[in-house]
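Visitor: This is the structure I want to talk about, given as C-alpha cells.
The values are calculated or read from the model by the stated rules, or taken from the named source; none is laboratory data. Not measured: the values here are computed from a predicted model. Ideal geometry is used to build each Cβ from the backbone, glycine not excepted, and the neighbour counts take in all protein chains shown.
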Amino acid sequence: MYHSQRILNSSSPATEGGEGIVLDLWYQERHNDEISLGLHVKKVLATKQSPFQRVDVMETSGFGRILTLDGLMMVTERDEFVYHEMIAHVPCLVHKKPERVLVIGGGDGGTLREVLRHDSVKEAVLCEIDPEVVSLSRQYLPFTAVGLNHPRAKVNIADGVEFVKNSADHSFDIVIVDSTDPIGPGVGLFSGAFYKEVRRILKPDGIVMAQCESPWENGIDLAKVYGNLREVGQVWAFSGSIPTYPFGFWSWAFASATAHPYEVIDMERARAIEKSTRYYNTEIHRGSFALPNFLKQRLKGVVSNA
C-alpha cells in the first residue's frame, strides 16, 4: 500500500580544512507514488529487523522521536496524542463503567496510557505480536511507554487473532483494535471472522473501537473494512486530523450492539479527563462523527452515520 525510503543528501561539499561532507538525513514516506511526507532526521536511534517487520526509531527536528514499522509512520512525539486520545476516550466515556479493556496492537503503549486515565478500568490488557516494538518503545519512547509500565496494565506478546480465540466469552467491556495497516502482521485484524470472535469475548454492553485508515486512500476497500465490523453490531465512522499519517486525515470505527457513540457521554468523567487531554473534548467527540459527503458516499449503507 505504502512504501518509504530514507534519503541521504549531501548538503555541502568537502571543505578545504579536510572536513567531510555534511549529510542531510531525511525520512520520506511515499503514498502510492502520489504524495510523500518528509521529516528531517537528526539521529537514527535504533533499527531492528524482527521476525514480523523492520522497526526504526528516529529523532527528528520537527516531530521529535518517531517510530516506523516497515517504513510506515506509527508514532511521532508531536502528534501521537490525537490518535491515542480518540481511540481510547470515545469508547471509555460512552461505556457506563469500563472495568476490563483489551488493546490489540499498540505496542508503543500510547493507547494503554489513555485507557488507564479512567479510574474504573481495573485491568487494561495489551496483546502485541512484536516484542521489539514493546522493547524499543520502552527504551526510546517514554511519552507513550508510560502506559506499558502502569500497574494496571498487563502486557502480552502474542498474535491478536489467536489471543481473541483463546479468550473467555464476555470477558471484556471494550476491545480496541490498535492495529497496523491491513498488510503483513495486521491483515487478520480486519476480517469478518476476527470480529465474530471479538463479539464473543465482549460483554453484552461492550464496545469495539478500531482504526480504519485514511478516507483519502483509494487503495483500500473502506466499505469492506467498516462492513466487517458489523459482525459486532451497529457501526459508526468518525475522523480526525493527524499530520504525519497518510494524507493527514484519519478514521476510526465505533461498533456496538447496544451503545450509541455520542448520545450519552459521561460528562463528569469527561470533565476530569479533559484536564489532561490535548485533543479530546466532548465537542470534538460529538463533532468527529459528522462525516464529509465524499466519505458518506463511500460508506453509504455500511455505517449508521453515512
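Visitor: If GLU213 passes every condition in (1) crowded, with 19+ Cβ neighbours inside 10 Å; (2) in a helix (DSSP H, G or I); (3) at pLDDT below 95 but one, which one does it miss?
Guide: (2)
Visitor: Looking at VAL82, VAL75, VAL57 in this structure, which one is of a type in the set (Val, Ile, Thr), outside any strand (DSSP E or B) and out of contact with any His (no Cβ under 6 Å at 6 or more places or on another chain)?
Guide: VAL82
Visitor: So which residues in the stretch 164-180 are buried (at least 20 other Cβ atoms within 10 Å of the Cβ) and hydrophobic (A, V, I, L, M, F, W, C)?
Guide: Residues satisfying the conditions are VAL164, PHE172, ILE174, VAL175, ILE176, VAL177.
Visitor: State whether the residues of the stretch 173-183 include one that is at pLDDT 95 or above, among the charged types (D, E, K, R) and part of a loop (DSSP other than H, G, I, E, B).
Guide: There is no residue in the stretch 173-183 that is at pLDDT 95 or above, among the charged types (D, E, K, R) and part of a loop (DSSP other than H, G, I, E, B).
Visitor: So which of GLU263, GLU274, GLU283, GLU268 ends up being closer than 28 Å to ARG200 by Cα and either touching a Cys at 6+ places or on another chain (Cβ under 7 Å) or acidic (Asp, Glu) (or both)?
Guide: Exactly one residue qualifies, and that residue is GLU263.
Visitor: Starting from residues that are assigned to a helix (DSSP H, G or I) and not small (Gly, Ala, Ser), keep the ones in the stretch 217-226 and report whichever is surrounded by the fewest Cβ atoms within 10 Å (Cβ to Cβ).
Guide: LYS224
Visitor: Of everything in the stretch 110-144 that's in a helix (DSSP H, G or I) and of a type in the set (Lys, Arg), which residue is farthest from the chain's Cα centre (by Cα)?
Guide: Result: ARG138.
Visitor: VAL161 versus (1) modelled with pLDDT of 95 or more; (2) in contact with a Phe, Trp or Tyr (Cβ under 8 Å, 6 or more places away or on another chain): which is the lone unmet condition?
Guide: Of the numbered conditions (1) modelled with pLDDT of 95 or more; (2) in contact with a Phe, Trp or Tyr (Cβ under 8 Å, 6 or more places away or on another chain), the odd one out for VAL161 is (1).
Visitor: For the stretch 227-237, what are the residues that are crowded, with 21+ Cβ neighbours inside 10 Å and in contact with a helix residue (DSSP H, G or I) (Cβ under 7 Å, 6 or more places away or on another chain)? Lay out the reasoning, then the answer.
Guide: We begin by selecting, within the stretch 227-237, every residue crowded, with 21+ Cβ neighbours inside 10 Å; these are 228-229, 232, 235-237.
Answer for the stretch 227-237, where residues must be crowded, with 21+ Cβ neighbours inside 10 Å and in contact with a helix residue (DSSP H, G or I) (Cβ under 7 Å, 6 or more places away or on another chain): ASN228, LEU229, VAL232, VAL235, ALA237.
Visitor: Given the criteria under 27 Å from SER61 (Cα atoms), assigned to a loop (DSSP other than H, G, I, E, B), over 12 Å from the mean Cα position of the chain (by Cα) and not aromatic (Phe, Trp, Tyr), does GLY107 qualify?
Guide: no
Visitor: Same structure again: Could you tell me how many of the residues in the stretch 244-268 are free of Cβ contacts under 8 Å to residues at least 60 places away in the same chain, exposed (fewer than 14 other Cβ atoms within 10 Å of the Cβ) and out of contact with any strand residue (DSSP E or B) (no Cβ under 6 Å at 6 or more places or on another chain)?
Guide: Total satisfying the criteria: 3.
Visitor: Looking at GLU99, GLU77, GLU114, GLU59 in this structure, which one is out of contact with any strand residue (DSSP E or B) (no Cβ under 9 Å at 6 or more places or on another chain) and in contact (Cβ under 8 Å) with a residue 12 or more places away in the chain?
Guide: Matching residue, one of GLU99, GLU77, GLU114, GLU59: GLU114.
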